[in-house]
Structures are given as structure tokens and as C-alpha cells.
1. If you check every pair at least six apart or on different chains, which have Cβ atoms under 6 Å apart with a residue in the stretch 147-161 that is closer than 11 Å to residue 120 by Cα first and a residue that is at pLDDT 90 or above and surrounded by 11 or more Cβ atoms within 10 Å (Cβ to Cβ) second?
2. Just to be sure, is residue 107 part of a strand (DSSP E or B), open to solvent by less than 40 Å² (accessible area, probe 1.4 Å) and among the charged types (D, E, K, R)?
3. Kindly provide the set of residues from the stretch 163-178 that are in contact with a Phe, Trp or Tyr (Cβ under 9 Å, 6 or more places away or on another chain) and either part of a loop (DSSP other than H, G, I, E, B) or surrounded by 14 or more Cβ atoms within 10 Å (Cβ to Cβ) (or both), ordered by number.
4. Say we look at the stretch 64-85 and pick out the residues that are of a type in the set (S, T, N, Q), touching a residue at least 12 places away in the same chain (Cβ under 8 Å) and over 16 Å from residue 132 (Cβ atoms); which of these is surrounded by the fewest Cβ atoms within 10 Å (Cβ to Cβ)?
5. Among the residues of the stretch 22-57, write down those that are outside any loop (DSSP other than H, G, I, E, B), open to solvent by 50 Å² or more (accessible area, probe 1.4 Å), within 20 Å of residue 88 (Cα to Cα) and at pLDDT below 95.
6. Applying the selection to the stretch 117-159, what residues are part of a loop (DSSP other than H, G, I, E, B), among the basic types (Lys, Arg) and surrounded by 15 or more Cβ atoms within 10 Å (Cβ to Cβ)?
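The values are calculated or read from the model by the stated rules, or taken from the named source; none is laboratory data. What you are looking at is a predicted structure, and each value in this text was computed from that prediction instead of being measured. Note that each Cβ is placed from the backbone with ideal geometry, even for glycine, and that neighbours are counted across all protein chains shown. Accessible surface areas use protein heavy atoms only, side chains included; no ligands, DNA or RNA. Shrake-Rupley method; radii C 1.70, N 1.55, O 1.52, S 1.80 Å.
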Amino acid sequence: GKNFTSLLRWDSNKRRINFQWTAPVHGNPRSEYLFWADGRDETWDFVGPYAEGPDRVEIRSAAAGFNYVTGITGRLQWTVGGTLGRHTFAYTPAADAFRNAWTATVDNRMDYELWDVPERRAKVSVWGVFNAGRIIDSNSSRLVISRAGAIAEWFPQAKGEKYRLTTQIQGGRIFGAA
């Protein structure tokens, strides 16, 4: 069915609002579309390689996107879509890692259910993401992101979803002048 999800977090350092709308395509449960929007106003305290500059960075970002999700088989799912976002930084260290810019990406994701034991209420899934796009500012550049990971999930009780144990591992790489 159709689903609307929202998130609102409002504290002094991390303000965020997020909306998502999902619905099946032509009533088909194997394919759905997702529209989303996300806005953030956050203050981060830094240590480590950026410590020589100001000790905090204020980040404001707004992004929106669209995804189309289709079940290829009972275990394999493909997601394709796009994202457009604007990111600004204040109190920025001299490092080029923090540039005010627009970003536009084409997003691809594959999810595969590797192991599922319904009688034990446990499953393991793996996923891979490949995003390609551009950082649009005075020094525009290409942006390629690849990531992969695994998620294990277990509900310890025979019925209900009061308790859920989830663990995840992931890794990735960003190519380009991100």
C-alpha cells in the first residue's frame, strides 16, 4: 500500500526534517516508487585532521530524490533513481573537503537476501550501491560513490517485534573531488 513516513529531530546541534512517500506502481507489489526530501541544519565538532582550523563546522543541506524499486526475483531487488542536493558550510577549515555546492547523482542499488530462516526469525542480506554524478560549484567535478555491505537481523521472540537485533558491516569509496 501507500506509505508516508516522516522524521523530525530538533536539538541545538542537530536539526533535521525528512519526508518519504512510497507506493506500488500500478498496484504491483513487486515494484514501487519513492519520493523523499531531507533538510538538515547541524553543528559538528571536529578533532583529528581538521583540528588546526575552527573546532566546529555548521552544515546546512537540503536534498530531494526519486527512486524506482523493483523485485527481480523473490530474493533480488534493484533500485534506481536520482538525487539533487544543496550543501553549505560555515566556520569551514581551509581543507577543500568542505565546499558549498550542489550535487546531482544517479543512484543504483542491488539488494540480495542471502540467508533466511523464518522459523528462527533470522536473515542475512547483502547490498551494493553505485552512484554517479556531479558536484556543481566553481570547481565542478565528477562524483562516483561505490559501497557494499551486509545486514544480519534477528527477532529473538517467537511472536511480535518488540525486540530486534540488527548488525551491519559496510565499506565503500568515493572517487572524484568530493
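1. That search, which allows pairs on different chains as well, returns 153/123; 154/122; 155/121; 155/164.
2. yes
3. Once the filter is applied, which keeps residues that are in contact with a Phe, Trp or Tyr (Cβ under 9 Å, 6 or more places away or on another chain) and either part of a loop (DSSP other than H, G, I, E, B) or surrounded by 14 or more Cβ atoms within 10 Å (Cβ to Cβ) (or both), the stretch 163-178 yields 163, 164.
4. 70
5. Correct list: 44, 45, 56.
6. Result: 121, single match.
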